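See structure below.
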2 protein chains.
Amino acid sequence: MSLDEVDKLRNEMKQITNQILGLISQRMELAKKIGEIKTILDLDIVDDKAELGVKSHVLDNSKNFSLDPEFTGRVVNLLITEAVRIQNIERMKKLNQVNNNLNNTSGNIKKNSIKVDVKNKTYLDNSSLEGKGPKIRSHLDVFNFAKTLEANGKSIIHMEVGEPDFPPPVEVRNELSNIYDSGKFHYTQAAGIAELRERLSKYLTTFFTEKTESKKHDNFVNPKNIIVTPGGRFGIFITFSSLLRPGDEIIVIEPAWPACHDCANYLGVKTRTVKSNLENGWEPDLNDIEDQININTKIICLNYPNNPTGKILSKETLKKIVVLASKSNLYLLSDEVYSNYAYRPFESIINFGYEKAILVSSFSKTFAMTGFRVGFAYSADKNIINKLINIQALALTSVAEPMQYCASLALNSDPQINRRIMKERIELVCNGLKNLPFEYVVPDGAMYVFARINKELKISDLKLVESLLDNGVAVAPGSGFGSSYSNFIRISTCIETQKIKTGLEVIKETLGKI
Amino acid sequence: MSLDEVDKLRNEMKQITNQILGLISQRMELAKKIGEIKTILDLDIVDDKAELGVKSHVLDNSKNFSLDPEFTGRVVNLLITEAVRIQNIERMKKLNQVNNNLNNTSGNIKKNSIKVDVKNKTYLDNSSLEGKGPKIRSHLDVFNFAKTLEANGKSIIHMEVGEPDFPPPVEVRNELSNIYDSGKFHYTQAAGIAELRERLSKYLTTFFTEKTESKKHDNFVNPKNIIVTPGGRFGIFITFSSLLRPGDEIIVIEPAWPACHDCANYLGVKTRTVKSNLENGWEPDLNDIEDQININTKIICLNYPNNPTGKILSKETLKKIVVLASKSNLYLLSDEVYSNYAYRPFESIINFGYEKAILVSSFSKTFAMTGFRVGFAYSADKNIINKLINIQALALTSVAEPMQYCASLALNSDPQINRRIMKERIELVCNGLKNLPFEYVVPDGAMYVFARINKELKISDLKLVESLLDNGVAVAPGSGFGSSYSNFIRISTCIETQKIKTGLEVIKETLGKI
């Protein structure tokens, strides 16, 4: 046993490393060839079924090779990602060739080649948009553009944003004036101040709907299982960061607020979407969810009351989703930021006693406190919350203490008045849309009406959004909530009644001119 | 060209994938053997030189194999990480064997085996601590334990935390009372409100020390190149998140606040440390920095005035570090949160006109606003700041608007009074330590004295911290700032003069009893 022996072994390793590189290189050459054929046959580069096949094969074989499946899973993810990258590059080269040929010798091109060209134009230039107006794709783009228009003197009715116009509870006003003199401006525990976590535990206890179920779980929310976050979004960000690794997958039910997809994408996690539709009253098909579950799936994401549709799932549906998640040992992330705006009975995920469920919520919508950036996450599994706390401590120490105290005091107020007002506004919009070329389902909750533009109008969401902006009304394009919803717009009800009425008038007039 | 052909190619790929797995398995077997020899020879498992050798070899060979070096870099990182993991597991098995042997047949063990055992005890149980007291390793552990003692009625003098005891500027008090009525509680731009960014741009302009250098850069800080973050820590977190990938490396000069190392570790990034020492007045050796730079190095991290030593680098030294960074095209992260507490001329990184420099700072220390969680980052390269803004938008939308306005108003105040007070306290501690068995360099800045415990005392930092806690004084152990500093304590000066005097008395008495 000596260092010489180590050197000898290291040389052997070097040879093997070379062989591995050689094989990877061969593998990439094969990927290129497959990519070429796919281009000619006009097939998508990413083939989910084939990918899953490779992953399953590798995971099944890990044991034969005495390798850790988690490790080989990462290796195969790397290989697949690189193969897709290479295939994309080759496809672009090919398309440029075809384009050049088209320019040089138009009329003399095989049908197949043209087909490739047309289909992949969008791939090559996915920043291209309809119309020549501003680059608008999401409600935030609309908001920013509307702000620019306002800065130039145009008056805009804002029906695009999800920011309630109510004042925060008056308790918050008093607390703000009290912060300085009471010295509430120090570092806090990463999980949040004890006072707020205790009050949140009482607040969450009111989310239990049935006392009869109290045998399964004792209808008690331990303050230690709560983390205070800078907004609901950060709750999602740290949940994903702590539970997911590159190559993992999540399931999102569309239409959906894009944050889950964006956070997943940032972490190298794939989002599989289940599409719900207007005809089925935005009820997701449970078979569709089951179909998307595979060895890589880690989290099913729920967001009810839903942004943008306002849908609330029934207790029965939720129960079935919990069973699905449980069967495959998946986490359930339930984003319940709109729970205060429920116009029919709403069931929080905490009612199902599922250990791998994570509830994410915030003060933003319920108490009209968006700018305070206070949210929270809860799980019955303390280990999950501890992981979230560790990442939060690492990333930003703690949430601003003054904001935590304001949130704590807000819990003394009753947000029901906000719910009642919002419900009236939703009814107002629905009534207004009745006589217009839109189809919609009356929302169960939230602060939006997600309306489909009548086919007869032959106008896309982006085009309509532009026209409406021209006429002084900002709404959100449906495509921002999923690629299948480009014939929808989301009308938000975060402005006062009179403005909503005027906004509806403008929508009517604008449609009349189309 | 048909789908059959695709299937055929996919089968070939499958074979190759199998071969790759087989080779990886062989490689891991070799790694195990090397690990066994290392265990017997009592060598560390991680061998930086060998690792670098493998990485260079692979990167050099990427082109021969027509593979992308970034991709092969990730593959080799995965292989190395897994090899280290496997070697660690094998070592633990081996040690458990040896331990069992020791228990069963004491006296009959080869010297080598015992050596392995002793050395690796700390590896196996790195949560073990000297003494039987609380599990204390960092200043935060001390703080938390001290809080528990206080809750039990013990009175504690806090010289462990880095939280100034000054009140925030009175301007902040007024602004807090104004927030609610002026409606400053909405979502803001992800980069921060325009007012604060503009004021910060003026504030940062005062960091330029020489007008004569204005030819190189026009001594102007564009507000668009500033991002407002929830504290300096989040500035570091998003800088690392956007600029680093697993397998990359950063260089940190120790002793150091542990955040950079922790964030790097979380991202799978390796930290190489350069150790500065008391004898050289905490001046880092530039050759040591240069020695640590390799193909994987991406960022050199600076933190001056330094926590814990208070060291400020001269303009000449900083210039040389900038040249070093520039030569290898590295980013320079300069954490300048203590810049207000400089008791000799301090040079901000912005004076060197280096495009790849990122300045991170905050309101926490300068304006005694820790709990407001407002910091900021600046780079002359707008692309870097844009990356930070994108991650911030993704992770938490924006910093709490009320906190941003408070920070903006704080800029109207003059933090010099804080500096003068802190300087007097630093002098008070230094004078007090003169007659005690400590060695130290009078700090150039910051809010701490980093003092070496005299060898004669034969006591470690943890042991001393415990004894002092028993006697009602909390200080931070040196080992929290780097493994080489376990014979140091950090005494912070964030409490009033009278308490400092009492604290010093207690330290004196405690030492008298050792």
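The values are calculated or read from the model by the stated rules, or taken from the named source; none is laboratory data. Keep in mind that what you see is a predicted model, and the values were worked out from it rather than measured. Because the Cβ atoms are built from the backbone with ideal geometry, glycine has one as well, and the counts that use them run over all protein chains shown. Remember, those area values only see protein heavy atoms, side chains included, never the ligands or the DNA or RNA. Shrake-Rupley method; radii C 1.70, N 1.55, O 1.52, S 1.80 Å.
Please find, within the stretch B:13-39, the residue that is surrounded by the most Cβ atoms within 10 Å (Cβ to Cβ) out of those that are basic (Lys, Arg) and modelled with pLDDT under 95. Checking each candidate, the answer is B:Lys38.
The residues on offer are A:Ile289, A:Ile350, A:Ile321, and the sole one that is over 26 Å from A:Val161 (Cα atoms) and under 17 Å from the mean Cα position of the chain (by Cα) is A:Ile289.
So which residues in the stretch A:19-39 are within 7 Å of chain B (Cβ to nearest Cβ) and among the polar types (S, T, N, Q)? Selection gives A:Gln19, A:Ser25, A:Gln26.
Scanning the stretch B:470-482 finds no residues that are of a type in the set (Asp, Glu) and either more than 21 Å from B:Ala146 (Cβ to Cβ) or crowded, with 24+ Cβ neighbours inside 10 Å (or both).
Test B:Ser413 against the stated conditions and say whether it is open to solvent by 10 Å² or more (accessible area, probe 1.4 Å), small (Gly, Ala, Ser), touching a residue at least 40 places away in the same chain (Cβ under 8 Å) and in a helix (DSSP H, G or I). Spell out how you get there, then give the answer.
Values: open to solvent by 10 Å² or more (accessible area, probe 1.4 Å): yes; small (Gly, Ala, Ser): yes; touching a residue at least 40 places away in the same chain (Cβ under 8 Å): yes; in a helix (DSSP H, G or I): no.
In short, no.
For the stretch A:375-397: of the residues being surrounded by 24 or more Cβ atoms within 10 Å (Cβ to Cβ) and facing another protein chain (nearest Cβ under 8 Å), which is nearest to A:Ile495 (Cα to Cα)? Among those that are surrounded by 24 or more Cβ atoms within 10 Å (Cβ to Cβ) and facing another protein chain (nearest Cβ under 8 Å), it is A:Leu396.
Working only within the stretch B:25-68, note down all residues that are of a type outside the set (A, V, I, L, M, F, W, C) and under 29 Å from the mean Cα position of the chain (by Cα). B:Asp44, B:Asp47, B:Asp48, B:Lys49, B:Glu51, B:Gly53, B:Lys55, B:Ser56, listed by residue number.
Table: residues versus (1) of a type in the set (A, V, I, L, M); (2) under 19 Å from B:Pro164 (Cβ atoms); (3) free of Cβ contacts under 8 Å to residues at least 60 places away in the same chain.
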position: B:Pro437; (1), (2), (3): no, no, no
position: B:Asp444; (1), (2), (3): no, yes, no
position: B:Met447; (1), (2), (3): yes, yes, no
position: B:Ile453; (1), (2), (3): yes, no, yes
position: B:Asp461; (1), (2), (3): no, no, yes
position: B:Asn471; (1), (2), (3): no, no, yes
position: B:Gly478; (1), (2), (3): no, no, no
position: B:Phe488; (1), (2), (3): no, no, no
position: B:Thr493; (1), (2), (3): no, yes, no
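Beta carbons closer than 7 Å, at least 6 apart along the sequence or on distinct chains, pair a first residue in the stretch B:16-38 that is within 20 Å of B:Asn77 (Cα to Cα) with a second that is of a type in the set (Asp, Glu) and surrounded by fewer than 21 Cβ atoms within 10 Å (Cβ to Cβ) for B:Leu30/A:Glu12; B:Lys32/B:Glu90; B:Gly35/B:Glu90.
Hydrophobic (A, V, I, L, M, F, W, C) and free of Cβ contacts under 8 Å to residues at least 12 places away in the same chain - does that describe any residue in the stretch A:150-170? There is at least one residue in the stretch A:150-170 that is hydrophobic (A, V, I, L, M, F, W, C) and free of Cβ contacts under 8 Å to residues at least 12 places away in the same chain.
Has the stretch B:346-359 got at least one residue that is closer than 20 Å to A:Leu396 by Cα and either polar (S, T, N, Q) or in a helix (DSSP H, G or I) (or both)?
Here is the first cut: in the stretch B:346-359, the residues closer than 20 Å to A:Leu396 by Cα are B:358-359.
With either polar (S, T, N, Q) or in a helix (DSSP H, G or I) (or both) added as a condition, the list becomes none.
Looking for residues that are closer than 20 Å to A:Leu396 by Cα and either polar (S, T, N, Q) or in a helix (DSSP H, G or I) (or both), one finds none in the stretch B:346-359, hence no.
Listed here are the helices (runs of 4 or more DSSP H) enclosed by the stretch B:155-258 that have at least 1 residues being open to solvent by 60 Å² or more (accessible area, probe 1.4 Å) and more than 10 Å from chain A (Cβ to nearest Cβ): B:194-205.
Among the listed residues A:Asp60, A:Asp42, A:Asp68, which satisfies the condition of being closer than 18 Å to B:Lys14 by Cβ and either more than 10 Å from every other protein chain (Cβ to nearest Cβ) or open to solvent by 30 Å² or more (accessible area, probe 1.4 Å) (or both)?
Details: A:Asp42 fails: closer than 18 Å to B:Lys14 by Cβ; A:Asp68 fails: closer than 18 Å to B:Lys14 by Cβ.
Answer to the check: A:Asp60.
Looking only at the stretch A:420-456, count how many residues are in a helix (DSSP H, G or I) and within 24 Å of the chain's Cα centre (by Cα). So the count comes out to 2. When the stretch A:74-87 is filtered for residues that are under 25 Å from the mean Cα position of the chain (by Cα) and more than 7 Å from chain B (Cβ to nearest Cβ), the ones remaining, listed by number, are A:Asn77, A:Ile80, A:Thr81, A:Val84, A:Arg85. For the stretch B:214-262, a tally of residues being closer than 30 Å to B:Glu195 by Cα, under 10 Å from the mean Cα position of the chain (by Cα) and free of Cβ contacts under 8 Å to residues at least 60 places away in the same chain returns 1. Of B:Ile312, B:Ile295, all but one fail to be open to solvent by 50 Å² or more (accessible area, probe 1.4 Å), in a loop (DSSP other than H, G, I, E, B) and either β-branched (Val, Ile, Thr) or under 30 Å from B:Arg425 (Cβ atoms) (or both); the exception is B:Ile295. Does at least one position in the stretch B:5-12 carry a residue that is more than 7 Å from chain A (Cβ to nearest Cβ), buried (at least 16 other Cβ atoms within 10 Å of the Cβ) and either closer than 21 Å to A:Lys49 by Cβ or of a type in the set (Gly, Ala, Ser) (or both)? There is no residue in the stretch B:5-12 that is more than 7 Å from chain A (Cβ to nearest Cβ), buried (at least 16 other Cβ atoms within 10 Å of the Cβ) and either closer than 21 Å to A:Lys49 by Cβ or of a type in the set (Gly, Ala, Ser) (or both). Annotation: of all residues in the stretch A:133-152 being in a helix (DSSP H, G or I) and farther than 16 Å from A:Phe481 by Cα, the one that is least open to solvent (accessible area, probe 1.4 Å) is A:Ala146. So, B:Ala325, is that one closer than 28 Å to A:Pro246 by Cβ, modelled with pLDDT of 95 or more, part of a helix (DSSP H, G or I) and aliphatic (A, V, I, L, M) or not? It is false that B:Ala325 is closer than 28 Å to A:Pro246 by Cβ, modelled with pLDDT of 95 or more, part of a helix (DSSP H, G or I) and aliphatic (A, V, I, L, M).
In the stretch A:45-57, the residue that is most open to solvent (accessible area, probe 1.4 Å) out of those that are more than 7 Å from chain B (Cβ to nearest Cβ) and not β-branched (Val, Ile, Thr) is A:Lys49.
Going by what's in this entry, would B:Arg91 be described as among the basic types (Lys, Arg) and facing chain A (nearest Cβ under 8 Å)? For B:Arg91, the condition - among the basic types (Lys, Arg) and facing chain A (nearest Cβ under 8 Å) - is not met. Apart from one condition, A:Met1 fits all of (1) within 8 Å of another protein chain (Cβ to nearest Cβ); (2) surrounded by 19 or more Cβ atoms within 10 Å (Cβ to Cβ); (3) modelled with pLDDT under 90; the exception is (2).
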